[in-house]
Structure formats: structure tokens, C-alpha cells
Amino acid sequence: MNTTESSVNKLSTDDFIKGLWKENPVFIQVLGMCPVLAVSNTATNALAMGLATTFVLIMSSTLVSAFRKFIPKQVRIASFILIIATFVTIVDYCIQAISLELYKALGAFIALIVVNCIILGRAEAFASKNTIGKSFLDALGMGAGFTFALLTLGAVREIIGVGTFFGVSLFGHHYEPWMVMILPGGGFFSLGAWLLFFNWLKERQKKRPTLQTEGEVIQ
Amino acid sequence: MNEFDLKKLIAQASSWEMIRALGGIGILCSLLIVFAFQVTLPIIEKNKTEYLEKSIFNVLPGATSRVTYKITNDNNVELMQADEPKVRKVYAGYNDQSELVGIAIEAGGQGFQDVIRLLYGYSPEKKAVIGFAVLESKETPGLGDKIEKDPVFLSNFDALDVSLTDDGSAPKNPIEMAKSGNKHNPWQIEAITGATISSRAVTKILKQSTGEFIPIIEKNLAKFKRDETS
């Protein structure tokens, strides 16, 4: 995470874009792997989880940023966690109110947004040092990047593993789904394939055709 | 961290400031949570009631109206008057001619991940379970959650035999699970391949619940029919 401290207080689209691509929380930073692997088994779940996380990310980043001068360093982790947990609880109620079906599908994972390290990571690394506007854009970008990553994973896993996309059957009755893709093993496999692809893209952009494996550290 | 930094840190935040920050954020957060809870509570309750209502008519095909009965502690059936939360309830469904279609019963038990709550319809005429719906489950998406939507599995509950013994005290053949492709008797539930634990959980819940409720319902069947105009 190389947030440039020099360009303080000036809003730029880069705050938004970097989360989508250059610092994508899943494909580049490899953060928040628990929900990424657990809830990306279908496109619908992935999208809902991504949106819920984005909401929590935006609200907590904005609030942390608003209170950044009021929170002493010593109690910052406790304060951040309190703020994050509050919004996760709110999301939990909201999803129940919006659709019980969706709530049934996401199950226990909504509560686990609390421990998604992307959210605490952005609060600590960005929102606690930057203005509300910048933090909002950063959170929006990171959330969008997370949603995008989850959706790409979910789409691949659902299409191959169940033969449907957003619940719509693609291949008809004769398709024998690869069950393993919706199981944890398939999650690791798809994630690995996407990471390979994104690293390959990155390397190509740097105009260094040789593939280097020591670039990323997987948590 | 060198000595200078440490001194600066101590000087920066007094105990009061820390307590003020945490306390302030705590109060704000609790206000937010309570507000969200109060706003969404009626909608959530409404959603749950609607879902239950929908499920009742789902598990009792042909029913167009329903009446809630409660089962008293001495296993008698009474018409449910006011909303009593901690009481065993069953829902009797009637068709357009006010004839009893069946009785929907709620049941629950431990599944693979968490508690499974389900609803099934019992037809006194066929002496069988005629419908089945999952109200709440956290089974593995893509595998265990097939208990909710897999058509082959759900066809188990089109006519699942639960006829009672001659003295009416218990089902003649308790519901049991059969491996996929090995269903030979009408009281067997054919398991889903790859979701054996969830299938077994459903079987266990149904076996336990039918063993408890069907004898009570059969004993009080006249009451369900007599009250059908109310």
C-alpha cells in the first residue's frame, strides 16, 4: 500500500481507480480471503456480499475519517472495530428487511464482514490519515474492486460448478457440473487462476515478459 | 519507538481523551444500531410472517384459507386466540369448499451448519406428508441447500407415508433415509448425493416431528374438521 502522503486534501479520481485496479484488494493485495473464498460460489452471493462489504467499507471509512482527530492513537483499533461492527449489524438487519431469501443465502458470512481485513486495513492505512472526501472515494474504489473480484470468481465458479449464471441455466440438463468448483477446493483453484492471470497482465504491462513468482505474498 | 516518541505519545492523549473517544463512539454506535433495529424490525417481522404464510399454502396444495391451532400441554387441540409466542402451533388449511386439506406443522433441528427450520403438510386423508418447505437453513450453498430446491429430493414429500399403528400412538413405519436410487418404500426419503448430512438432518427432524404431532392430530382430527367454518 503506497498511499502518497504528498498530495494531501486534493480529491482525485486516482483515489477511486486504484482500488479497482492498481491496488485491487483481492487480486493485488490478496486481502480478505475468508469471504472471498467462502461466498464466491455463486454470482448472486458474490454480488450481495460485495455490495454489503462496500457499504460497510464506505460508512466505516467515512466515519473513521470524520473522527480521526478525536480518536487518540492508543484506542484507535478498539474504536475502528466498534464502528465497523456497528455497520455490519446494520447491514445484517437491512438484508433481513430487504429479502429473507438473500439473508438465507448469505447466512453466517454477513456477521463475518466484521473481521474482513480490507475494512480495518483501509481504516488504519487510509481513512485515519485522510480527509472525509478522500476516504469516501478510497472506500468506494476498494469496495468496487472487492465486488468486482468476488463477482469474477463467483461467475467462474457458478458457471463451471453448477452450470448456471445468476441462477439461469446455461447448458441445459445434460451438463454434468464440476461439483468441486463450488467446494472450497474450487475456490482456491479459481483464485489461483485469476491471480496468475492478473500477475501475468501486470508483468506484461511492465514490459518484462519473464514471469516472476516472488512478486506477491499470499496471506 | 525512541524515547522522544514515547514522551510525545503520552503527552498527546490523556486518559480522559481516550475514555471520551471510546465512550463517545460507543454511544454513537449504540444509537445507530438501535435505530436500525427499530426501523427494520417491523419489516423483518412482516417478511417472516409473509414467508410462513406463503410456505403454508405451498405445503398444503389446494388450500386457500388457514386457521391456527395450538396444542396444549395435555396434547389437546384448541383454536388459537391471541398471539402466544411459546406454544406449539399447527396450521390447518382449507380449500374453497371449506374442506380440510391438511395440517401444516413447523419442525426444527440441527443441520450440517446450523439449525434447520422447516414446514411440512400432513394430509389426514392420505395419511401422508404432502408438502415440504425449508423456512430457515444455513446449509452449504450449492450442496446442502439442495434440500430447498432439488426437484428429485422434494418429490420425496409428494406422498411420504406416515400412517399410524392401529392404536394410533406412533407411525407404523418411522421415516427413514435411503441412499440415492435405493428408495423402495413410501416412508423412505431418498438422500441427495453430496449432501448426505443435510438429507439425514431433514429425515431426523421429520421423523421426530411426525412421531410427536401426527398421533395428536389424528386423535383430534374431528376438531379440525368441526371448526372449519370459523
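Only the coordinates and a few stated rules stand behind these numbers; no lab work does. Since this is a predicted model, take the numbers as computed values, not measurements. Because the Cβ atoms are built from the backbone with ideal geometry, glycine has one as well, and the counts that use them run over all protein chains shown.
Summary table
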| quantity | calculated |
| --- | --- |
| Karplus-derived 3J(HN,Hα), 6.51/-1.76/1.60, for each residue of region A:50-61, Hz, glycine and proline x | x, 5, 4, 5, 4, 4, 4, 4, 5, 5, 6, 4 |
| Unit charges on C-beta of K, R, D, E only; dipole of region A:1-116, Debye | 340 |
| Scattering curve values for region A:2-218, log₁₀ I(q)/I(0), Debye with Cα scatterers, q = 0.09, 0.10, 0.12 Å⁻¹ | -0.39, -0.48, -0.68 |
| Cα-based shape type of region B:119-187, given that a ≥ b ≥ c are square roots of the gyration tensor eigenvalues and the cut on a/c is 1.5 | prolate |
| Angle between chain A longest axis and helix A:132-161 axis [Cα atoms, degrees, rounded to 10] | 10 |
| Cα-derived Rg to Rh of the protein assembly as shown, Kirkwood definition | 1.08 |
| Semi-axes of the equivalent ellipsoid for chain B, Cα gyration tensor, largest first, Å | 48, 25, 15 |
| Tilt relative to chain A, helix A:184-205 - C-alpha long axis, 0 to 90 degrees, to 10 | 60 |
| Relative contact order (%) - chain B, alpha-carbon pairs under 8 angstrom, separation at least six | 14 |
| Degrees separating the helix B:3-12 axis from the principal Cα axis of chain B, which is the longest one | 70 |
| Size descriptor, Kirkwood hydrodynamic radius, that averages inverse alpha-carbon separations across region A:145-208, Å | 12.8 |
| Label-to-label distance, nm, for residues given as residue A:168 and residue B:41 (7 Å Cα→Cβ offset) | 4.1 |
| Contact order relative to length of region A:2-218, as percent, for alpha carbon pairs under 8 angstrom and 6 or more apart | 34 |
| Charge dipole (debye, nearest 20) of region A:109-176; +1 at Cβ of Lys and Arg, -1 at Cβ of Asp and Glu | 260 |
